[in-house]
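Asker: Next up is a structure, given as structure tokens.
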Amino acid sequence: MSPEVHWMSQLSNEIREAARGLLRDGKAQVIIGFEKGSLSLRGRPCFIRNEKDVERLVWNGFCETNVARYLPKRKGKMAIVAKGCDSRALVELIKENQVTRDQLFIIGVPCEGMIDRHRVEAEMGHDAIIEAEEREESLILRTRDSEKILDRKEYLYENCKACTHPIPVIYDVLIGKPNLQSAQKDFSDVETFGDLSPEERWAYLVQEAGKCIRCYACRNACPMCYCPECFVDISKPQWVGKSTELSDTIVFHLLRAFHLAGRCVACGACEQACPMGVDIRKLNRKLEKDVADLFNHEAGCSLDEVAPLATYRVDDPDSFMVEP
Amino acid sequence: MENPYIPFLMRIEDVILETEDRKIKTFVLAFVNEEDRKSFVYVPGQFAEISVFGKGEAPFGMASTPTRPEYLEFSVSTIGVVTGALHNLGKGDIVGVRGPLGNGYPLETFQGKNLLLIGGGFGFSTLRSLTNYILHGPNRTAFGGVTVVYGARKPGLLLYRTDLEAWKERSDISLHLTVDQEADGWKGHVGLVPNVTRSIAPSPKNTFAVVCGPPVMMKYTLPVLKDLGFQDEDILFSLEMRMKCGIGKCGRCNMGSKYVCTDGPVFSQSELTRLTGEAHF
Amino acid sequence: MSLDNAKILEKDQLEGFLEGLLKDNIVFGPTSKGDLLLFDRVESANGISLGRGNTMNSAKDVLFPQTERLFAYRHGEAGVEIDGPSAVKKGFILFGVRPCDARGLILLDKVFGEPLQDPYYGEKRARTVIISMACETPDPKCFCLAIGGGPCSAEGSDLLFLDLGDQYLVKAGSPKGMDLLKNTVFKKANKEVLARADVVEKEAEESMNQAGMGRVGIGETIEKRLEALFNDPIWDDITESCLGCGICTYLCPTCHCFDILDEAGQSAGERIRIWDSCQFPLFTHQASGVNPRPSVKERFRQRIMHKLCYLPQNGNLPGCVGCGRCVTECPVNLDIREVIQKISAREAE
């Protein structure tokens, strides 16, 4: 449908080259990467096993979804195309024994952010977008009778704009621009929210929970949510209800955020997957800040760092006990 | 508008502990309202949704026979939230009931035929209902020979021992009980239900086979019946699929183009082979 | 379409018409909320956002809410008292529904209406009027035409509005609609207007046929192919990227699976129903521990089989109206149209 004028076509070619080599040399049985979606503004994960399919691999601003989520308990040797955030998830999954390092050949791709398709659709007034052409600095949208050029950076996911690790932290080969600028670590949004009154904060959380339809796309897209039986599905005891009543929904998001504390790699796959625009990462960012403050830890940066909430140290903060 | 989701009330009259592991109890229920008792007309093989208010609802096959209409009986194995809660109830407690649901056994079609009833473990509930129905007074002459094969892991896990004793005494029913392994004092068959069925080698002539039990038991009983010469249309299964509404709306029990709760739970093997996909053993 | 069942509404009359509807009814329509269009209750005529794509959620949410109370109960001296649902008093107007979503309600009417009437759906449905807005410019995700519908189809609607620029052509799709057309706000149409409407409809359909939009080739053959390919390894390939979430089923205008559960207090509580999804792992999990659909593959296959094979096998409309929501909102862009194409092209082994 749309012409293959991706400014990232060079990167696509490099990924394909790497993939071809890996398949030929038998270094990987499957390449998990991204391909063009079936509509404009869409990319999607793909699983490449034959050289004839290698051409499908692409790299562009629609390669959302954290493909590390396909790895837990997967067997065999595989190659995976990883953005910065995806690679951080790989670090955590390796540490949590969901996959081993030597199973993986990591094709690292420094990422310039993924495009927020819902925001683009809204910007176009929900008119039918026939074609979307991505360039280095811009995004050209065509409807049946109009064309609009958007500033690419402006229409990235908010989470991507704040990304502190665009360059993969582990990889076997790194393609593309190795010296991408990253955002500074900044929790001022969490602080600002924390300065609001309890009533204002509660009102915001209630508003966001009200949008949630309990589809669990956030959970299922998350690379760190790989429990064979999620707490939502346990009936004895029932931890949280499955209805869309406020108490059920808000508890689901709270509990999931806590289960991710110290493990969430800020990839934003949850928000990308959410069809209803819920501000899911509001809670995660608060816990990221708490983990940074209390344990001086950021998830997914180093294979050598232990997970703070899975480890006991004698000098763990205990002010909540001694200075309540 | 009439509301098929609202249960009517029944009172627990008696609770019978069936198994030595205390996991299966039979609840004897009486109708709270006379109109409900009058309108509850069922056939063996049907089921009902039993409510423990505040815990939920679960489907259970009718273990009682409609020939004794004063009470309804359901056998409950304690597994989850609802069954666990039921096991904590006793005489005088109120439960909700929605039913009768499902298609039941085709009694009309069974007239004049021999019946081979094969049950395993907990699935024997509706076959007990059917057997008691057939054996009830004048009903008996409407049917041919009746052979029952019923197995459990151990003797102490057999249900309805009072009924089993009574059936043993009768000459118009051939009862074959089996347990998985030898046990002290056990004089019946030893072996899995499909194997015992094979060794009894009942004739398929003018006979319907009705099978109800765990999926693995039904799966291995089918080839035995085929080897014995039973045709697909003469083999009936009472299936389990997770059910919720019981009235063909919630979609949970969808199996091929059928709903187990309304088109079943009783299906002939010929129906099952015509269904696409997961209906096949 | 003829002069008997079609009239004109001047565009400047629309607001008044909507205000009139709002007076005595609860009105639902497309509303703009942040980046999304949502089908929701509207309190005023200018709360409706018309003629812009389709809403994220569908009109099914009104008649079949995601969380709905079935009854309340109370433990008392006399045993247990049950309070059934209270009657709905006002009428419902579903305004600005797209033809695909209106067609979806036909299937829901059948599921909830036969053989036993579901009173929760039925009560609301009996007092619901469906006023649809045709799609003059279908979206690339739309494929209603391929599945037996159409961008300007009045099937399932009481009234269908077709935007002719300066005015709407308003067509009745039902006896209820014919009755509504008697409202004096609607003016007589003429042959010229009907001809213009025909052109709009043809252009809308033509745009779907271009560039692969709407060409899916669904028909009786897909039913037979699906039957034959139930155990085919192609499903491993098709479902490999599926996340197993419930987006496709929840946004779908025809999906209707639900769960029933109790919410208990000390001595009183309620029984509610909530949406459920065949995509969720516990959907078919049996008490014995057996699960006939143990992985994403079986569950994804079930959705396709149910929609495009089992429902038609029972003489129903297929469980898909071509709205395209599952295509655009699936986080991994699993495209049901591509699934159908792959199945159609596959030789049974």
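Asker: Out of A:Asp233, A:Asp316, report the one residue that is within 14 Å of another protein chain (Cβ to nearest Cβ), over 23 Å from A:Ser182 (Cα atoms) and surrounded by fewer than 19 Cβ atoms within 10 Å (Cβ to Cβ).
Answerer: Values: A:Asp316 fails: within 14 Å of another protein chain (Cβ to nearest Cβ).
One residue alone meets the criteria, A:Asp233.
Asker: In addition: Restricting to segment A:52-68, count the residues that are more than 12 Å from chain C (Cβ to nearest Cβ) and either of a type in the set (Lys, Arg) or surrounded by fewer than 22 Cβ atoms within 10 Å (Cβ to Cβ) (or both). Don't jump to the end; show me each part of the working.
Answerer: Taking segment A:52-68 and keeping what is more than 12 Å from chain C (Cβ to nearest Cβ), we get A:52, A:54-61, A:68.
Restricting the remaining residues to those that are either of a type in the set (Lys, Arg) or surrounded by fewer than 22 Cβ atoms within 10 Å (Cβ to Cβ) (or both) gives A:52, A:54-56, A:60.
Final tally of qualifying residues: 5.
Asker: May I pose another question? The conditions are (1) more than 28 Å from C:Glu329 (Cβ to Cβ); (2) within 11 Å of chain C (Cβ to nearest Cβ); (3) among the hydrophobic types (A, V, I, L, M, F, W, C), and A:Cys218 fails exactly one of them. Which is it?
Answerer: A:Cys218 satisfies all of (1) more than 28 Å from C:Glu329 (Cβ to Cβ); (2) within 11 Å of chain C (Cβ to nearest Cβ); (3) among the hydrophobic types (A, V, I, L, M, F, W, C) except (1).
Asker: So which residues in segment A:9-44 are in a loop (DSSP other than H, G, I, E, B), touching a strand residue (DSSP E or B) at 6+ places or on another chain (Cβ under 7 Å) and either facing chain C (nearest Cβ under 9 Å) or in contact (Cβ under 8 Å) with a residue 60 or more places away in the chain (or both)? Steps first, please.
Answerer: Going through segment A:9-44, the residues in a loop (DSSP other than H, G, I, E, B) turn out to be A:25-29, A:37-42.
This time we only want the ones that are touching a strand residue (DSSP E or B) at 6+ places or on another chain (Cβ under 7 Å), so: A:27-29, A:37, A:40-41.
Listed by number, the residues that qualify are A:Lys27, A:Ala28, A:Gly37, A:Ser40, A:Leu41.
Asker: If you don't mind, another one. Has segment C:180-201 got at least one residue that is polar (S, T, N, Q) and crowded, with 21+ Cβ neighbours inside 10 Å? If you could, list the steps in order and put the result at the bottom.
Answerer: Filtering segment C:180-201 down to residues polar (S, T, N, Q) leaves C:183-184, C:190.
Filter once more, keeping what is crowded, with 21+ Cβ neighbours inside 10 Å: none.
No, segment C:180-201 contains no residue that is polar (S, T, N, Q) and crowded, with 21+ Cβ neighbours inside 10 Å.
Asker: Got a sec? Which of A:Ile140, A:Ile130, A:Ile94, A:Ile115 is among the hydrophobic types (A, V, I, L, M, F, W, C) and within 11 Å of chain C (Cβ to nearest Cβ)? Break it down into steps so the answer makes sense when it comes.
Answerer: Details: A:Ile140 fails: within 11 Å of chain C (Cβ to nearest Cβ); A:Ile94 fails: within 11 Å of chain C (Cβ to nearest Cβ); A:Ile115 fails: within 11 Å of chain C (Cβ to nearest Cβ).
Step by step, each of A:Ile140, A:Ile130, A:Ile94, A:Ile115 is checked, and only A:Ile130 is among the hydrophobic types (A, V, I, L, M, F, W, C) and within 11 Å of chain C (Cβ to nearest Cβ).
Asker: Go over the candidates C:Thr239, C:Thr284, C:Thr254 one by one and state the one that is more than 21 Å from the chain's Cα centre (by Cα), more than 9 Å from every other protein chain (Cβ to nearest Cβ) and polar (S, T, N, Q).
Answerer: Working: C:Thr284 fails: more than 9 Å from every other protein chain (Cβ to nearest Cβ); C:Thr254 fails: more than 21 Å from the chain's Cα centre (by Cα).
When all the criteria are applied, what remains is C:Thr239.
Asker: Return the residues of segment C:287-303 that are hydrophobic (A, V, I, L, M, F, W, C) and more than 9 Å from every other protein chain (Cβ to nearest Cβ); say none if nothing qualifies.
Answerer: C:Val296, C:Phe300, listed by residue number.
Asker: How many residues, within segment C:54-63, are within 14 Å of chain A (Cβ to nearest Cβ) and part of a loop (DSSP other than H, G, I, E, B)?
Answerer: Of the residues in segment C:54-63, the ones within 14 Å of chain A (Cβ to nearest Cβ) are C:54-58, C:60-61.
Imposing the further condition that a residue be part of a loop (DSSP other than H, G, I, E, B) reduces the set to C:54-58.
Qualifying residue count, segment C:54-63: 5.
Asker: Are any residues in segment C:31-53 in contact with a strand residue (DSSP E or B) (Cβ under 7 Å, 6 or more places away or on another chain) and within 9 Å of chain A (Cβ to nearest Cβ), and if so, which ones?
Answerer: Of segment C:31-53, the ones in contact with a strand residue (DSSP E or B) (Cβ under 7 Å, 6 or more places away or on another chain) are C:31, C:37-42, C:47-53.
Result: C:Leu37, C:Leu38, C:Ser49, C:Arg52, C:Gly53.
Asker: Return the residue satisfying two criteria in turn: it lies in segment C:64-79 and is over 13 Å from C:Arg271 (Cα atoms) and at pLDDT 90 or above, and of such residues it is nearest to the other protein chains (Cβ to nearest Cβ). Show your work before the answer.
Answerer: Taking segment C:64-79 and keeping what is over 13 Å from C:Arg271 (Cα atoms), we get C:64-66, C:75-79.
When the remaining residues are screened for being at pLDDT 90 or above, the result is C:64-66, C:75.
Values: C:Phe64: 10, C:Pro65: 9, C:Gln66: 5, C:His75: 7 Å.
Among them, the one singled out is C:Gln66.
Asker: Is it fair to say C:Met208 is surrounded by 22 or more Cβ atoms within 10 Å (Cβ to Cβ), within 18 Å of C:Gly29 (Cα to Cα) and within 14 Å of another protein chain (Cβ to nearest Cβ)? Let's see the steps before the verdict.
Answerer: Working: surrounded by 22 or more Cβ atoms within 10 Å (Cβ to Cβ): yes; within 18 Å of C:Gly29 (Cα to Cα): no; within 14 Å of another protein chain (Cβ to nearest Cβ): yes.
So C:Met208 does not fit the description; no.
Asker: Scan segment C:174-197 residue by residue and report those that are free of Cβ contacts under 8 Å to residues at least 40 places away in the same chain and closer than 29 Å to C:Asp139 by Cα.
Answerer: At the first step, the residues of segment C:174-197 found to be free of Cβ contacts under 8 Å to residues at least 40 places away in the same chain are C:174-175, C:179, C:182, C:184, C:192, C:195-196.
Of everything in segment C:174-197, those that are free of Cβ contacts under 8 Å to residues at least 40 places away in the same chain and closer than 29 Å to C:Asp139 by Cα turn out to be C:Ser174, C:Glu192, C:Ala195, C:Arg196.
Asker: Quick one: is C:Val97 within 29 Å of C:Ala6 (Cα to Cα), in contact with an Asp or Glu (Cβ under 6 Å, 6 or more places away or on another chain), at pLDDT 95 or above and more than 14 Å from chain B (Cβ to nearest Cβ)? Spell out how you get there, then give the answer.
Answerer: On the way: within 29 Å of C:Ala6 (Cα to Cα): yes; in contact with an Asp or Glu (Cβ under 6 Å, 6 or more places away or on another chain): no; at pLDDT 95 or above: yes; more than 14 Å from chain B (Cβ to nearest Cβ): yes.
Answer is no for this residue.
Asker: Also, quick follow-up: Could you run through segment B:217-241 and say how many residues are among the hydrophobic types (A, V, I, L, M, F, W, C) and farther than 23 Å from B:Ser257 by Cα?
Answerer: Within segment B:217-241, the first condition is being among the hydrophobic types (A, V, I, L, M, F, W, C), and the residues that meet it are B:217-218, B:222, B:224-225, B:228, B:230, B:235-237, B:239, B:241.
Subsequent filtering for residues that are farther than 23 Å from B:Ser257 by Cα retains B:217, B:224-225, B:228, B:230.
Count: 5.
Asker: Still on this structure: I'm trying to understand the selection: among the residues of segment B:255-279, which are within 19 Å of C:Tyr121 (Cβ to Cβ) and surrounded by fewer than 23 Cβ atoms within 10 Å (Cβ to Cβ)?
Answerer: Let us first name the residues in segment B:255-279 that are within 19 Å of C:Tyr121 (Cβ to Cβ), namely B:259, B:261-262.
Selection gives B:Thr262 alone.
Asker: Look at C:Ile93 and say whether it is touching a residue at least 60 places away in the same chain (Cβ under 8 Å) and within 26 Å of C:Ile272 (Cα to Cα).
Answerer: On the way: touching a residue at least 60 places away in the same chain (Cβ under 8 Å): yes; within 26 Å of C:Ile272 (Cα to Cα): yes.
Criteria met by C:Ile93.
Asker: May I pose another question? Are any residues in segment A:221-230 facing chain C (nearest Cβ under 9 Å) and under 15 Å from the mean Cα position of the chain (by Cα), and if so, which ones?
Answerer: A:Ala221 - this is the single residue of segment A:221-230 that is facing chain C (nearest Cβ under 9 Å) and under 15 Å from the mean Cα position of the chain (by Cα).
Asker: Still on this structure, I have one more. If you check C:Ile260, C:Ile238, C:Ile247, which single one turns out to be touching a Pro at 6+ places or on another chain (Cβ under 6 Å) and touching a residue at least 40 places away in the same chain (Cβ under 8 Å)? Walk me through it before giving the result.
Answerer: Values: C:Ile260 fails: touching a Pro at 6+ places or on another chain (Cβ under 6 Å); C:Ile238 fails: touching a Pro at 6+ places or on another chain (Cβ under 6 Å).
Within the list C:Ile260, C:Ile238, C:Ile247, the selection yields C:Ile247.
Asker: Would you check if C:Leu38 is out of contact with any His (no Cβ under 9 Å at 6 or more places or on another chain), under 29 Å from A:His118 (Cβ atoms) and in a loop (DSSP other than H, G, I, E, B)?
Answerer: On the way: out of contact with any His (no Cβ under 9 Å at 6 or more places or on another chain): yes; under 29 Å from A:His118 (Cβ atoms): yes; in a loop (DSSP other than H, G, I, E, B): no.
The answer is no for C:Leu38.
Asker: Determine the pairs where a residue that is without any contact (Cβ under 8 Å) to a residue 60 or more places away in the chain, located within segment A:172-198, has a partner that is in a helix (DSSP H, G or I) with Cβ atoms under 7 Å apart, the partner being 6 or more residues away or on another chain.
Answerer: Cβ pairs passing all conditions: A:Ala183/A:Lys161.
Asker: Just to be sure before I move on: is A:Arg49 more than 13 Å from chain C (Cβ to nearest Cβ), basic (Lys, Arg) and closer than 25 Å to C:Asp236 by Cβ in the structure I sent? Can you show your working first?
Answerer: Numbers: more than 13 Å from chain C (Cβ to nearest Cβ): no; basic (Lys, Arg): yes; closer than 25 Å to C:Asp236 by Cβ: yes.
No: the conditions fail for A:Arg49.
Asker: Within segment B:32-61, can you find the residues that are at pLDDT 95 or above, away from every other protein chain (no Cβ under 12 Å) and closer than 27 Å to C:Ser267 by Cα?
Answerer: Those that are at pLDDT 95 or above, away from every other protein chain (no Cβ under 12 Å) and closer than 27 Å to C:Ser267 by Cα: B:Ala48, B:Ile50.
Asker: Another question, if that's okay. For B:Glu240, work out the one condition from (1) out of contact with any Phe, Trp or Tyr (no Cβ under 9 Å at 6 or more places or on another chain); (2) over 19 Å from B:Leu127 (Cα atoms); (3) at pLDDT below 95 it doesn't fulfil.
Answerer: (2)
Asker: Specify the residue that is nearest to C:Gln266 (Cα to Cα); the eligible residues are those in segment C:18-50 that are touching a Ser or Thr at 6+ places or on another chain (Cβ under 9 Å) and small (Gly, Ala, Ser).
Answerer: The residue in question is C:Gly29.
Asker: Spot the failing condition for C:Thr328; the list is (1) β-branched (Val, Ile, Thr); (2) touching a Lys or Arg at 6+ places or on another chain (Cβ under 8 Å); (3) more than 8 Å from chain A (Cβ to nearest Cβ), and only one is missed.
Answerer: Unmet condition: (3).
Asker: Residues of segment C:263-272 being touching a residue at least 12 places away in the same chain (Cβ under 8 Å) and at the interface with chain B (Cβ under 8 Å from one of its Cβ atoms), which ones? First the steps, then the outcome.
Answerer: Within segment C:263-272, the subset touching a residue at least 12 places away in the same chain (Cβ under 8 Å) is C:267-272.
Correct list: C:Gly269, C:Arg271.
The values are calculated or read from the model by the stated rules, or taken from the named source; none is laboratory data. Small disclaimer: the values here were computed from a predicted structure and weren't measured. Note that we place each Cβ from the backbone using ideal geometry, even for glycine, and neighbour counts take in every protein chain shown.
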